Structure formats: structure tokens, C-alpha cells
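Only one structure is covered here, and it is reproduced in the block below.
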Amino acid sequence: MTTVHGAKLTDLSAESLRAAAESLLDRYDVAPGGDGRVVLLPDAHYPFHPSTGLVTNPEFVRAVADVLADRSDVDVGVACPSTEWIDAERATRFLGYDRLTEETDVDAIDLDSADRRSRTVHLTRESVTIDVPGPLAEGAVVPVPTLRHDAEFGVAAGMVTLGRAVVASPSPEEIRAAVREIDPVATLLDGSYTYTGEPRKSRFVMGAENVVAVENLAALLVGADPEGAPHLDSYEGESNRPTAVEGVSAREIAASLPRKEPRRAGDDRAMRLGYKLYAAVSGDNTPPQYLGGGDDE
Amino acid sequence: MNELQIGILGVGNIGVVHLQNARTVDGVAVEAVADALPENRRRAETFGVGRTYSDYEDLLRREELDAVIVALPPFLHAEAATLAAEEGCHVFVEKPFARTAEEARRIVDAADRAGVRLGVDHTIRYQTEMQRLKERYDEGAVGHVPLCVLSRINNGPFGSPPVTEPVPTWQLDPEATGGGALIDLGVHLFDVLEWFFGDVEVCHAETTRQLDLAYEDAATVTVKSGETGTLATLNCGFYQWEEPPDVNMYFRLDGITDTLRSEQFMPNNLLAHAGRSAVENVAKRLTGGEPDYFEPTYFYRAHYRALRDFLLAVRENRRPPVSGEEGLKTVELVSDAYDAAGFDPGVETETETETGTAADGGERR
């Protein structure tokens, strides 16, 4: 039986976040990995403001790091991969992780320059080869995702976080392989702020030892069909849906979350062609976004 | 009347707007452009530009031009505008006119020595709703205006979800930009306030950052007009998700008899406005007329008006409506606002001395 534990936050103060982090971490055996380190892996893929719920609240990451660091013999690191939108160095700086590493003993882990370990992972239906960054292969990894809708996978709550730390644009199979290979020791879901088409100060955190259970629960919370999420569908022939949720009411949380249609990238081809046709007929000028090519970089 | 031969330094997104607009002004020919990016140069060639350069200094030295548009990043404005003036060109500069008051003065001094005109692309005063608001204000429609609020907030260098563009680089470097929301958006707003109320001075300012950026992404400034006594609150910010065609911008005049809002003079629906004006433009063309350039976009039309006014002023040998003096004043006001807020973006500029150049922080940025 998989249990997801939760804690409500009365407010988002440092004290509340720390108490909640402690209540979760006390339940899990978060022992350092072979390199003597626990690696926190938050969602920090773009400099969205944390109050949008689209990235992990850095203050929650700080709280988790503080709790772990207070335990003896635990080195804590925070790792974020670069994405196609921004390099990890700037993303983490803008989100305040530089301050975290400067003000504490937490290490910043550079996944981009880390050596990679080629691993062939045998899944139920296929074998997938992935190159896992060394710190994730050796450390005791704790994904710390935010609860958010994801345009590509419906939900991204730990499993996708792991997948994207290994492959920039992972396939569902690569996500499963990353999860299997990295085998996180626990997953802490940050619900201090959430995003389901609209931001919300949702004031909860959740955790479990089984990242698949967290992802399944998160899918239900954001209204994504776990059966329809390609990386979750009949995951590896096992039932990893949480059979118990303690400490919070998943039903109440799900009911409280806004259900707004997430913004989608517009296909502006029609607009571009239409405007060019209009400009050709009228003699008008064309806005640069419809001209294509060239920018100010 | 001889044709005005112009060059454009920088044909990225805003530069290509100026390129298209310049081509529509009677008696103006775009002879050459310069841009470091080959794709920008290729794009300019599709508009019939005969000569392109990768280095704007080469363009200025080789071309015989009457005027130049500077649409380069802000850290190049002073250098490019000064060089252009020294080459005898009238110069139209994108905002901000300069990164610091010292750079702005350098451009103005160079233009004065060379006897050329300067213009600055302060477009907000050219937006239709602002022009109508100004008309009503000038008519005395609400009496004296003791208080007003002017605001412009956008997403700055970041995108809203879903992200479609990489995060830019130099746009996040205050050394390149001159600062954050104040220098990028505040300059426009200071220009509007001076346009409405005459000389204003900064009374108070505060800046904040929502992320760990090297500059401010939100600022509020209180200014007072020495001429009218009006107290204005200026808000500018780089932090909000903006969904075109709607923009977060407003000007509210709380007068003695009533309140005027800029939104009152905007189209109710910008998409409907785009459709309507597109149809009208096609009709004009079919009947042998000229379109209202960029009118469907609503906001780009202000760039057309600003450049047209500058080029017409140059042709008619008169002071442009938004000249170097206006540009200098807005940058000085930004500098005063940074000082009042106790925030220094940390832009170092060079001042020429008799013995060479030296870093000069200066009393005013």
C-alpha cells in the first residue's frame, strides 16, 4: 500500500514551511547517497515568479534543505538542469537559489557540466538507454516539484521533473527510465502555490517515498486523467496509485483548485499568412512578429 | 525638395518597424542599414534596401546620409548617435535616449556642435487614446487636475506561459540597458507627464524586485509639475503576464469637475478594431489612397507617427516635437528617480577628458 502524506500550511512563513517539511521528512529514510549527499531537485525551469505556482517555491526548498542539513552527516545539494528556454545558472539565480547556497551550507549542483552515466533501463515493454548526470546517479535524490498542470504531460510532479533532469525533452519512456534508474528516496510535492490555469495560494505540501504515487495523485488533483498521461498509463504493470492520503483531504484540495483552461502556444501561421496577404493587398506595413526571422539578440 | 537619404542602425524587431515606416514617408529613401545579425540584414533586403553593413560605424563612414535612425541596444545609443551626429546626420534615437544623463548630454552636445536635429521615439504620447486625452485636458474638460496616475506594466524580458522564446541576455544586464523598468518604461511615462504638465520634478520614488534580478522590475514615482502644481504617480513594471493585443497601460486624470481616463478613448475591442481598420485600409488602397499605416495593430501606429513627425521636421528645418532636449530631460528624471529610490543600476559611462577617457559616475547618472 502506498500512502501519500500531507500537511496543511497555516501561512507561508519560513517557520510554517519548515514545520511542514519536518513533518514529512520524519516519515522517510532520506539517507545520503554514495557520494554522501542528498540532492534536491526542484522545478526551476523558467524564472516564473514562485507565487504563480509554476515553479517550486524556493522558500520550501530552503525549508527542506534546512531540515536535512540539521541532521548529522548530510550534505545537501540543489540541482537544476538547463532548459531550452534558459540556462540553469540564470534560472536558479533569478529564483533566489544563489542566495540559498550563499546563506547556507547547501551546494549548487551543476548538472550541465556533470559527467554522465550511460544506463540501459529495462522497462516492461522495452529497453531505454539514458545518460544520467552523475550527481543524480550517485546522490540520494529528492524531487521537490510544484503542483502544476503541464502542457505536454498533463501533470509534472516528480516523474517529469526527473525525466527533464536527464533529457531536455523526454519521451514517456525516457521519463519512466529516469524514474527507475534514479529511484528517488522520497518526493516532496510543493503545494504552497499551485497552477491549474490560474495561480492559487493553496497552502499544502505532500510527500511519499513513491514518486509514481505522487505523480498519480497530482494528476487527479489538477484534473488530468492519469490513464491519459502517457508517462503514467499503466505504469510498468504496477498499481502505484495512492491508496491512502493522510494529513490533508485530497478531495478538498482538488475541489479548491481553479479549473481554467491552460494557455496554449498559439499557432500563428494562419495569422502570419493572413497579415501578409492583408499587407500585400492594402500596402500596409507588417508587424515584426509576422515577418519572421531576425530578432534583437 | 531633395529626397532625405537615411540609414538605419539596427534592424531587429523595432528597427524593421522603422524601416517600413520610413519607406512610407514622402521624400524619404532608406539607403542603407546596419545590423550584426545576417538574418536581420537579409530581412531588410527584402524591403529593397540596397546596401547592408554588419558594422554601423562602417555604414556611417561610407554612406552620405541626411539622417539616421538608431535602433540598437541602449548601450550603443550614445556611441552611435554621437558618431552619426559627427558625420553630419540628423539622428532619431530609440528610447531610452541614453542609459544615463551624462550619455544623453553627450549626444545633445554632439548634435549642437554638428548643427543637426535629434529626435527620440517616445511613442506613448503618439498613441491615439493619449492624444485624445490630451485634447480634452487642453480644452479644460475637467478643470484643473490636482492628481493623476500614469501606469505601464508589461512582462519585460520574460514570457508568460506557455513559454515560446528563450530568455534574452543583454536585456537583463543593467550595464546594457541602463537599468530596469524605470529606464525602459518610465522614460515614456516621464515624457507623457512633461507633455501634459510642463516641467516636472521627482518628489519620491521606490523600486522593488520580484525576482533576484540585477535591476528593478517595479517602480513607483511621485512627481510634481512646477507649472500646474499637479501631483502625478507614475507606476512602471516588468513583471506581469501580458496577453497581446491587450496591454496594461492607463492614464487617469482626477480633475476638479470629473475624471478622465485614457481607456475611455481606446477601442472597446482591439481585435474588432484590427478587423475594422484592415477593411478600411483595403478600401483606401482600392480607391487609390494610402492606408493608415499600422492602424490595425493600434500600438505600432504610434511609432509611425513619431518617426513621420521627426522626418517632416527635419525636412522643414524645424525642431522635432520630441527632440534631444526632451530625451535628455526624461533620462534626467529617471536618474532623479533612481537617486530618490536609493538604487543605482551601476552603469559606468566614459567621459572624454583632455587626456583621454575615464570612468565617470558623475553627480547625475
Discussion item. Please list, in order along the stretch A:108-114, the HN-Hα scalar couplings obtained from phi with the Karplus expression 6.51 cos²θ - 1.76 cosθ + 1.60 (θ = phi - 60°), rounded to whole Hz, x for Gly and Pro.
Written reply: 8, 9, 8, 6, 5, 9, 5
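What is the stretch B:145-243 by shape, rounded, prolate or oblate, if you read a ≥ b ≥ c off the alpha carbon gyration tensor as root eigenvalues and call it rounded for a/c under 1.5, prolate for a/b larger than b/c, and oblate otherwise?
On the way: a/c = 2.62, a/b = 2.14, b/c = 1.23.
Prolate shape, in that a/c is at least 1.5 and a/b is the bigger ratio.
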Fill in: Charge dipole magnitude, Cβ of K and R +1, D and E -1 - chain B, Cα centre, debye nearest 20
1300 debye
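Could you count how many Lys pairs in the protein assembly as shown have their Cα atoms under 22 Å apart, skipping same-chain pairs fewer than 8 positions apart?
On the way: A:K8/A:K201; A:K201/A:K260; A:K276/B:K284; B:K95/B:K134; B:K95/B:K329; B:K134/B:K224; B:K134/B:K329; B:K224/B:K329.
Value for the protein assembly as shown: 8.
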Worksheet, complete the sentence: Toy charge model, Lys and Arg Cβ at +1, Asp and Glu Cβ at -1: the protein assembly as shown dipole around Cα centroid in debye, rounded to 20, equals 2280 debye
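To the nearest whole number, what is the average tally of beta carbon atoms from other chains within 10 Å of the beta carbons of peptide B:204-212? If you can, show how the numbers build up before the last one.
Values: counts 0, 0, 0, 0, 0, 1, 5, 8, 10.
If you average over the peptide's residues, the count of other-chain Cβ atoms is 3.
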Worksheet item: What is the average number of partner chain Cβ atoms found within 10 Å of a Cβ in B:290-297?
Response: 5
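When only Cα pairs under 8 Å and 6 or more residues apart are kept, what is the percent relative contact order across chain B? Display every interim value, and only then the final one.
Working: 741 pairs, mean separation 70.6, N = 365.
Computed value for chain B: 19 percent relative contact order.
Which value, in debye to the nearest 20, describes the size of the charge dipole of chain A about its Cα centre when Lys and Arg Cβ atoms bear +1, Asp and Glu Cβ atoms bear -1, and nothing else is charged?
Details: 29 positive and 50 negative charges, 218 e Å.
That gives a dipole near 1040 debye.
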Practice prompt. Write down the Å³ per residue value for the convex hull defined by the alpha carbon atoms of chain B.
Written response: 156 Å³
Worksheet, complete the sentence: In a Gaussian network model of chain A with springs linking alpha carbons closer than 10 Å, the residue among A:A219, A:A69, A:A114 that fluctuates most is A:A114
Worksheet item: What are the semi-axes of the equivalent ellipsoid for the stretch B:202-333, taken as the square roots of 5 times the Cα gyration tensor eigenvalues, largest first, in whole Å?
Response: 32, 22, 18
Worksheet entry | the stretch B:299-312 - phi-based ³J(HN,Hα) in whole Hz, Karplus 6.51/-1.76/1.60, Gly and Pro as x | 7, 5, 4, 5, 5, 4, 4, 5, 5, 4, 4, 5, 5, 5
Practice prompt. Between the alpha-carbon centers of the stretch A:4-77 and the stretch B:88-128, tell me the distance in whole angstrom.
Written response: 51 Å
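Taking each residue of B:152-164 in turn, how many C-beta atoms of other protein chains fall within 10 Å of its C-beta, and what is the average?
On the way: counts 0, 0, 0, 0, 0, 1, 7, 4, 4, 13, 8, 10, 4.
Taking the mean over all residues of the peptide, I get 4.
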Worksheet item: What are the chymotrypsin sites (Phe, Trp or Tyr not before Pro) within the stretch B:231-302 that DSSP puts in a loop, where the Cβ has at most 16 other Cβ atoms within 10 Å?
Response: B:W241
Worksheet item: Put +1 on the Cβ of every Lys and Arg and -1 on every Asp and Glu Cβ in the protein assembly as shown; which of B:Q264, B:Y338, B:V221 then has its Cα farthest towards the positive end of the dipole?
Response: B:Q264
Item to complete: Filter the trypsin sites (Lys or Arg not before Pro) in the stretch A:106-214 to those in DSSP coil with at most 16 other Cβ atoms within 10 Å of their Cβ, and list the result.
Response: A:R125, A:K201
Worksheet item: What is the set of long-range amide H partners of A:R117 at a cut-off below 5 Å, with H atoms built 1.01 Å from backbone N?
Response: A:V132, A:G134
Practice prompt. Give the long-range amide H neighbours of A:T2: residues separated by 5 or more places, or on another chain, with amide H under 5 Å away, using H modelled in the peptide plane at 1.01 Å from N.
Written response: A:T243, A:A244
Worksheet item: Taking springs between alpha-carbon atoms closer than 10 angstrom, which of A:P172, A:P262, A:P287 fluctuates most in the Gaussian network model of chain A?
Response: A:P287
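Stokes-Einstein at 37 °C, 0.692 mPa s, Kirkwood radius from Cα pairs: D for the protein assembly as shown in µm² s⁻¹?
Approximately 119 µm²/s, per Stokes-Einstein.
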Discussion item. Using a Gaussian network model on chain B with a 10 Å cutoff between Cα atoms, which of B:L193, B:L328, B:L59 fluctuates the most?
Written reply: B:L59
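Would you mind calculating the relative contact order of chain A from Cα pairs under 8 angstrom and at least 6 residues apart, reporting the percent as a whole number? Working shown, then result.
Working: 613 pairs, mean separation 64.6, N = 297.
Result for chain A is 22 percent.
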Fill in: B:Y53 long-range amide H proximity, modeled H, under 5 Å
B:V33, B:A34, B:D35
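For chain B, the longest stretch holding no GluC sites (Glu not before Pro) located in a DSSP loop with at most 16 other Cβ atoms within 10 Å is which? Intermediate values should be presented prior to the final figure.
On the way: sites that count: B:E3, B:E64, B:E139, B:E227, B:E242, B:E316, B:E348, B:E354, B:E363.
Between exposed loop sites, the widest span is B:140-226.
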Discussion item. Please list 3J(HN,Hα) in residue order for the stretch B:30-36, calculated via the Karplus relation 6.51 cos²θ - 1.76 cosθ + 1.60 where θ = phi - 60°; whole Hz, with x for glycine and proline.
Written reply: 8, 8, 7, 9, 9, 7, 6
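Take the alpha carbon gyration tensor of the stretch B:100-207, find the square roots of its eigenvalues, order them as a ≥ b ≥ c, and report rounded if a/c is under 1.5; if not, report prolate when a/b exceeds b/c, else oblate.
Details: a/c = 1.91, a/b = 1.19, b/c = 1.61.
Oblate shape, in that a/c is at least 1.5 and b/c is the bigger or equal ratio.
Quick note: the coordinates plus some simple rules give every number you see, no bench work behind them. Everything numeric in this text was worked out from a predicted model, so none of it was measured. Quick reminder, even Gly has a Cβ in these numbers, built from the backbone with ideal geometry, and neighbours come from all protein chains shown.
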